[in-house]
Amino acid sequence: MKHQLNRLLAVLLLGTLAGCSTMGGDKSDTGEAAVEDRSTTAEGGAVTSGAVDSGSFAGYSLDDPASPLSRRVIYFEYDSSNVAAADQDLLAAHAGFLASNAGQAVTLEGHADERGSREYNIGLGDRRTQAVRRILELHGVAPHQVNTVSYGEEKPAAEGHHDAAWRLNRRVEIVYTGR
Amino acid sequence: MRMIFRAVLLYLTIGAGVAQAALTIEITQGMEGAMPIAVVPFGWTGNAASAPENIAAIISSDLSRSGRFEPLPDRDLVAHPTEAGQVQFHNWRMLNVDNLVIGQVTETGAGRYTIQFQLFDVFRGKQLVGFSFPASHADLRRVAHHISDLIYKELTGEPGAFNTRIAYVTTATAGGEKSYTLLVADSDGYNPQTILRSDQPLMSPAWSSDGRRVAYVSFENKTAEIYTQDVASGARRKLASFQGINGAPAWSPDGRRLALTLSRDGNPEIYTMDLDSLAVKRLTSNAAIDTEPAWSPDGSSLVFTSDRGGSPQLYRVSASGGQAQRLTFDGKYNAGADFSPDGRKLAMVHAEGGAYRIAVLDLDTGVLRVLTDGQLDESPSFSPNGSMIIYATGTGNREVLAAVSVDGRFRQRLSLQAGNVREPAWSPFEAN
């Protein structure tokens, strides 16, 4: 388990570096930590090491901004958990990555806009994560690779009390967590 | 005659700490026919130049916040009697006040006081109620609220809810970091006490029926979990941490069970949890969202929100489970119910024309009445005497609390000096 974690982190760090080289100016924390190549306890209690392993996945790199996997938010209509046709391909790409990388995992964070009752909005966010989970599993992702949490209206992506903000807040975020 | 006035509460020192009004209460719509009353500043006998608390001001503020009374402004007080023998009833009759409150605070020892008060019927020239209370420094505000309760009960025939508390959640952003705080304050906004602070969302505070504990949802571990916490000691217990939703906690009236929403079986359903064994029992079974359980005051049934009919509406189910019965039919959105203490009304969030407002359903007649005029009103909670509903609303870009009388005629706003305040839960009457 720990060994897998180390490998995974190494993969993630490499991926981030790859992202830096194409983007140029990405100053993400993981990118900087990786440059130092130190064997220390990183924030959050995970242990990093200098081991280099390219991993086993083929196809997309998680942190290549040109890859569809760099898009990790999908949006929903009011009071709806229907995934738009345009997002099906995106979810299929994430599913393909997860299915071929059994050590990878995601948390699906479900959100709602601020209108209406808070706990009902938790329900809406949950239903959105379940809709995404079903699509991922249809494409071969193992159930244990997917965790869900609904924040309802508690963590808006956009502040403001109007349609433009609400549209950005009705969403599911795909967060890669590793295992 | 429509009276609109502001009740501005001042900071007052109490005990070792500072009793600050976290929530400033502003009356935004007065009530026609509010009862005129004179509350005369209490007399003071003690070492200091003045009494440690202005008891009359606390009582006067309580009475005006109820919407049922219109206390005479201090400048209109024709006299300042502090004992019965000094009262000239004809002077007060000329001012058209129905009732008069006088009293005295006496220092009886180090930090010990006696508070005496009398309520008079001005037109009959007779005392209606009078009491004397011993109190420590820290008890003075509570005694003042208790006097307000006695006056309210005597003159309206209904119990007052001044000696109660409100739990609520505040959010603030500092240095780009958001923080969430769960607080408990007196019902006049004074004496706010933080019971939990987190950098992740806190939600859905709910009081136990004895008023000693609060259940809530915390995301402190990046997942929804339900805790209960003893308000006085701060001791807390994690009750629910299942996969998915752990939300919407509601104590049964007998305090032995918690109703809650879990999605561990695939989608949000209502469960009850036995607080001794922590065993859970599922009450609903439907592919829709079922959430926001509220116990009827007799504990026999629960009302909850479900979109099983296509839009969120309120349903009622027996506490032992079974078939649910739909209760709301007006509009496409009715959610987040709270029972009135007598079990005959439900407050809820009701949407019409894109505006989310607080409405009350009369369970006897089936009539739904919209009480508020905001755009994003939510989280209604009845006062324990059933006279007011506190709720969350927006003003400009800030979240504030507001309260409205059950008949919709009287309104007030409760706001923080900075930051947002939301999810008010009015405590039950204190267990004594």
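Points to keep in mind about this one:
- Rg over Rh [alpha-carbon atoms, Kirkwood Rh] for segment A:68-141: 1.00
- Out-of-range pairs (alpha-carbon distance over 30 Å; input B:Lys178/B:Lys238; B:Lys281/B:Lys345; B:Lys238/B:Lys345; A:Lys155/B:Lys332; B:Lys153/B:Lys332): B:Lys238/B:Lys345; B:Lys153/B:Lys332
- Three-way shape call for segment B:165-426 based on the alpha-carbon gyration tensor, with the a/c threshold at 1.5: rounded
- Chain B, relative contact order in percent, only Cα pairs under 8 angstrom and at least six apart counted: 12 percent
- Calculated mean residue ellipticity, 222 nm, chain B: -2500 deg cm²/dmol, from DSSP H runs (n ≥ 4) at -39500 (n - 2.57) each, averaged per residue and rounded to 500.
- Taking the C-alpha atoms only, the angle from helix B:140-156 to the longest principal axis of chain B is near 90 degrees.
- Relative protection proxy for B:118-129, B:419-430, from highest mean packing down: B:419-430, B:118-129 (other beta-carbon atoms within 10 angstrom).
- In order along segment A:93-107, the Karplus-derived 3J(HN,Hα) couplings, from 6.51 cos²θ - 1.76 cosθ + 1.60 at θ = phi - 60°, round to 5, 4, 4, x, 5, 5, 5, 9, 10, 4, x, 8, 8, 10, 10 Hz, and Gly and Pro are given as x.
- Average beta carbon contacts from partner chains per residue of A:148-156, 10 Å cutoff: 6
- Helix B:55-65 axis versus longest C-alpha principal axis of chain B: approximately 50°, rounded to the nearest ten.
- Amide H contacts of B:Val39 (H built 1.01 Å from N, under 5 Å, at least 5 apart or other chain): B:Leu72, B:Val101
- Listed by chain and number, the aspartates and glutamates whose C-alpha is less than 19 Å from the C-alpha of B:Lys222, apart from same-chain residues fewer than 8 away, are A:Glu43, A:Glu109, A:Glu119, A:Asp126, A:Glu153, A:Glu154, A:Glu173, B:Glu177, B:Asp199.
- Kirkwood estimate for the protein assembly as shown, i.e. one over the average of 1/r between Cα atoms, Å: 26.8 Å
- When each of the peptides B:285-291, B:352-358, B:45-51 is scored by the mean number of other C-beta atoms lying within 10 Å of its residues, the order from highest to lowest reads B:285-291, B:352-358, B:45-51.
- Restriction of the chymotrypsin sites (Phe, Trp or Tyr not before Pro) in segment B:237-343 to DSSP coil positions whose beta-carbon has at most 16 other beta-carbons within 10 angstrom yields B:Phe329.
- Convex hull volume per residue in cubic angstrom - Cα atoms of segment B:57-192: 148 Å³
- Gyration tensor (alpha-carbon) shape descriptor, segment B:224-305, a/c threshold 1.5: oblate
- Sequence-ordered 3J(HN,Hα) estimates for segment B:68-81 from the Karplus curve with 6.51, -1.76 and 1.60 and θ = phi - 60° stand at 8, 10, 10, x, 5, x, 3, 5, 8, 6, 6, 8, 10, x Hz, glycine and proline given as x.
Every number here is computed from the coordinates shown, using simple stated rules; none is lab data. Small disclaimer: the values here were computed from a predicted structure and weren't measured. When we count neighbours, we look across all protein chains shown, and the Cβ atoms used for this are built from the backbone with ideal geometry, even at glycine.
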